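To start, the structure under review is shown below, and the notes come after it.
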Amino acid sequence: MKIAVRDVWRQYNGTHGLVTALEGIDLEVGEGEFVCIVGPSGCGKSTLLELIAGLQEPDRGEIIVNNGGGKPVLIFQEAALFPWLTVQGNVEFGLKTQGIAKAERHETALHTLELVRLRKFAAFYPHQLSGGMKQRAALARALALDPPVLLMDEPFAALDAQTRDIMHQELQRIWAETGKTVLFVTHNVREAACLADRVLLMTARPGRIKDHIEVTLPRPRSVSDPALTAVAHVVLDHLKDEILKVEQEAFDGAWTG
Ligand SMILES: Nc1ncnc2c1ncn2[C@@H]1O[C@H](COP(=O)(O)OP(=O)(O)OP(=O)(O)O)[C@@H](O)[C@H]1O
Ligand SMILES: [Mg+2]
């Protein structure tokens, strides 16, 4: 087992009192598994990734990551590269803070940039890159640290549809080449069906794991595959009630407020 989350609870102090974001989350992710999490807005998906990344502490429960030394790395919707560093500088930055010597940093960065097919752009600055290239750079920066787990929070949500399709192909290839364990949050059920070995469905807030769906389609998968559409529909059917709950709450709030 790579990640084990047991009975994890998380509350926030909101402007209208306590908000229970997560309520008794249990999940396990196997070594090398690709797991997608889908759920309505505000159900606690980002909170869950931040807890696993160690950026927040749970109020209750425990999180175990079999890490062999490294820490899970979290990749966000915005690539969040340092604008004053080149692509290579960005990739080397984390290695530098770990005290890794210059020659090794250099070699690791170039190797990782090769993996994400960005080596030719090593000397470019972030503002000179397209959105897809920025996400490749963010992926390289994460992979250079050789993390035990890659946590991805809607990493492709801001990309146009064509670039997103390419990134789906690329992420499948990189995952196959590196054997990384991936936990990937998305709103996009087709994306989940394309990438996941297993899709976890969360309820509307307070977030709980409601269900899971195994995806056994052969890889590499393409979002335009009709078989994939069928899986995406199954996921969406499971999700519908939860999305309705969120909409209802928003409307109720508007009427009573
Ligand atoms: N720092 C915070 N302070 C107060 N409330 C918070 C904080 N962070 C998150 N919340 C609340 O906790 C709940 C879960 O938030 P979270 O960002 O984890 O949801 P999400 O599933 O990632 O949503 P989305 O799909 O919109 O990204 C929401 O109701 C949110 O308003
Ligand atoms: Mg979120």
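Among the helices of the chain, those built from whole DSSP H runs whose Cα atoms reach 30 Å or more along their own axis and whose mean Kyte-Doolittle hydropathy is at least -0.5 are 226-256.
Here the contact order of segment 80-146, divided by its residue count and restricted to Cα pairs under 8 Å and six or more residues apart, works out to 49 percent.
Restricting to DSSP H runs of at least four residues, report the calculated mean residue ellipticity at 222 nm for the chain, -39500 (n - 2.57) per run over all residues, nearest 500 deg cm²/dmol. Numbers along the way, then the final one.
Working: 7 runs with 104 residues, N = 257.
It comes out at -13000 deg cm²/dmol, rounded to the nearest 500.
Considering all different alpha carbon pairs of segment 80-146, the Kirkwood hydrodynamic radius works out to 11.3 Å. Near Thr181, the amide H atoms lying under 5 Å from its own belong to Gly32, Leu150; only residues 5 or more places off or on other chains count, and H is placed 1.01 Å from N. When segment 1-153 is described by a simple charge dipole with +1 on each Lys and Arg Cβ and -1 on each Asp and Glu Cβ, the residue from Leu74, Val149, Phe124 located farthest towards its positive end is Phe124. Counted over all Cα-Cα pairs of segment 126-205, pairs farther apart than 16 Å make up 52 percent.
Dividing the alpha-carbon radius of gyration of segment 1-60 by the rule-of-thumb value 2.2 N^0.38 Å gives 1.17.
The amide H of Met202, built 1.01 Å from its N in the peptide plane, has Val38, Gly39, Lys210 as neighbours under 5 Å, considering only residues 5 or more places off or on other chains. Cα convex hull, the chain: 144 Å³ per residue, rounded to a whole number. Using alpha-carbon pairs under 8 Å, 6+ residues apart, how would you state the relative contact order of the chain in percent? In percent, rounded to a whole number, it is 26.
The DSSP beta bridges internal to the chain are antiparallel in roughly 55% of cases. Applying 1/(1 + (r/R0)^6) with r as the Cβ-Cβ distance of Leu244 and Gln128 and R0 = 51 angstrom yields a FRET efficiency of 0.70.
Every number in this text was worked out from the coordinates using simple rules, so none of it is lab data. Everything numeric here is computed off the predicted structure, so don't read it as measured data. Backbone-built Cβ (ideal geometry, glycine too); neighbour counts: all protein chains shown.
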